[in-house]
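Computed from the coordinates by the stated procedures, all read-outs in this text should not be read as laboratory data. What you see is a predicted model; the values in this text were computed from it and never measured. Note that each Cβ is placed from the backbone with ideal geometry, even for glycine, and that neighbours are counted across all protein chains shown.
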Amino acid sequence: MTQQEQVGEGQVRTDSPTKTSVLPPLFVHIGRGKSGSSTIQSLASDYVEFMNAMGVACPLTVHGLANHSRLAAALQTPKSDPETIEKLRKDVRRNKRKKVFISAEALFSLTTDGMAQLKRHAGGRKIHLLCYIRDYPSWLQSIYGQRTKRAANIENFDVYYTAMRKSISALPRIERWAEVFGWKAMHVRPLLPEALHDGDLICDVLHALGLNAISPDVETLNVSPHWMSLELQRAVARAARSASVAFDLRSAKLTRQLFEKCTEGVEPRRVQYLTREQWLDLAELYRLDMEALGRHMGQLFPVNLTPPPERPFLPDFSAVPDKVKRDVLESLDQGLYQSRLDPALVDVLRKALG
């Protein structure tokens with residue numbers, strides 16, 4: 001036999017029938033979103049030399065990103081994006097002596113068909129999966145903030161909570177991954193210091209990759225905006241939708257910058273979105289899910305959450321001080337952002353704040 005031939009998961013037969021070599025694994029961080037993913041992807045993109053020295057290749061996407069969210073879509077419908085699929089195949093082939101690490105929180109909801117595609121394109125490597133689960137009370141508030149700052153959510157938090165309640169549990173999607181790859185391939189941890197190696201997310205990722213190295217000082221990314229900035233954004237998004245005016249991601253970024261400028265130094269920056277009843281509901285769901293995951297993985301996961309006091313008020317546009325709203329309008333009058341925004345959106349913004 002003159003060419004290498006696959007002979008089972010993780011093994012390659014060489015020209016000599018008496019020699020076999022085991023390919024290093026493919027490590028896939030599957031999320032969950034809003035659970036440290038941006039920080040993990042910063043490790044893959046900003047510390048390439050460190051990871052290479054440790055024997056780990058962190059290939060970027062065809063667009064040079066560390067977040068392989070496009071891969072998740074391509075695995076679902078391979079014919080729709082052959083370029084991304086081929087990039088994955090090349091990356092696992094060209095790094096035969098290295099572990100390969102990719103990350104995409106969008107993979108968290110992958111179907112079993114998509115998982116089969118991932119297996120197919122892994123080049124015979126064993127696949128190990130990393131997943132971090134943030135406590136549900138703080139996770140839901142973070143997801144609300146993420147969607148609102150991007151102008152994708154126009155509902156207040158209580159309406160959002162009711163709409164999201166049935167899909168908050170991470171357990172069904174984790175179990176679906178385990179059904180395909182087995183629990184031994186899963187590295188699932190609550191995003192709590194007590195559950196992480198050395199109490200740190202990046203240290204835990206390196207440990208899961210089998211690396212015995214001092215963790216680089218990776219910056220925590222994706223800090224939430226001021227709550228007033230979020231509620232201003234939501235009010236404008238609602239008004240824009242009512243007026244059938246486009247509010248794309250670029251415009252959302254600009255308006256968010258404007259709102260952040262006008263709320264700088266205004267306290268409090270963080271407020272409580274959950275009522276105590278909502279918090280207790282999500283905390284209990286989280287406790288039950290972590291107990292179930294612990295049983296699956298033969299571990300006891302800590303669930304140390306401290307209940308908050310009752311919510312003092314529902315964060316909303318009406319609770320934003322008039323001075324902040326005036327500052328936004330004055331900034332527009334000064335032309336700091338107006339020239340960069342669609343005139344129709346500027347009109348919507350003025351009407352919403354006026």
Nearest 20 debye, what's the magnitude of the dipole of the chain about its Cα centre given +1 on Lys and Arg Cβ and -1 on Asp and Glu Cβ? 1080
Show me, for segment 150-160, the HN-Hα J-couplings you get by feeding each phi into the Karplus relation (A = 6.51, B = -1.76, C = 1.60, θ = phi - 60°), rounded to Hz, glycine and proline as x. 8, 6, 9, 10, 10, 8, 5, 4, 5, 5, 4
Set Lys and Arg Cβ to +1 and Asp and Glu Cβ to -1, take the dipole of the chain about its Cα centre, and tell me which of Ile85, Val346, Tyr132 lies farthest positive. Ile85
GNM on the chain, C-alpha springs below 10 Å: top fluctuator among Ala178, Ala74, Ala53? Ala53
Restricting to Cα pairs below 8 Å that are 6+ residues apart, what does the relative contact order work out to for the chain? Please round to a whole percent. 18
Against the longest principal axis of the chain, how steep is helix 343-353, in degrees 0 to 90 to the nearest 10, with axes from Cα atoms? 60
In the list (i) 1.33; (ii) 1.76; (iii) 1.13, the entry giving Cα Rg over 2.2 N^0.38 Å computed from the coordinates is (iii)
Angle between the Cα long axis of helix 82-94 and the longest principal axis of the chain, 0 to 90 degrees, nearest 10? 50
Please name whichever of Phe259, Asn212, Ala122 sits farthest to the positive end of the charge dipole of the chain, dipole taken about the Cα centre and charges placed at Cβ: Lys and Arg +1, Asp and Glu -1. Ala122
Lysines with Cα under 17 Å of Lys98, excluding same-chain neighbours fewer than 8 positions away: Lys87, Lys90, Lys126
Of all DSSP beta bridges with both partners in the chain, the antiparallel percent, nearest 5, is 25
Residue-wise, which Karplus ³J(HN,Hα) couplings in Hz belong to segment 279-290, taking 6.51 cos²θ - 1.76 cosθ + 1.60, θ = phi - 60°, and x for glycine or proline? 4, 4, 4, 6, 5, 5, 4, 5, 4, 5, 5, 5
With point charges of +1 on the Cβ of Lys and Arg and -1 on the Cβ of Asp and Glu, referenced to the Cα centre of the chain, which listed residue (Trp177, Pro315, Thr162) lies farthest in the positive direction of the dipole? Trp177
Let me know the longest stretch in the chain that avoids all trypsin sites (Lys or Arg not before Pro) found in a DSSP loop with at most 11 other C-beta atoms within 10 Å. 98-269
If you average the alpha carbon positions of segment 36-60 and of segment 70-95, how far apart do those two centres end up, in angstrom? 19
Cut-off under 24 Å on the C-alpha distance; same-chain residues fewer than 8 positions from Lys351 excluded. Which lysines are left, in chain and number order? Lys149, Lys253, Lys261, Lys323, Lys325
Rounded to whole Å, give me the distance from the Cα center of segment 96-141 to that of segment 192-255. 19
Hey, can you grab everything whose amide H is under 5 Å from the amide H of Phe27? Only 5+ residues off in sequence or another chain; H modelled, so Pro and N-termini drop out. Val100, Phe101, Ile102, His128
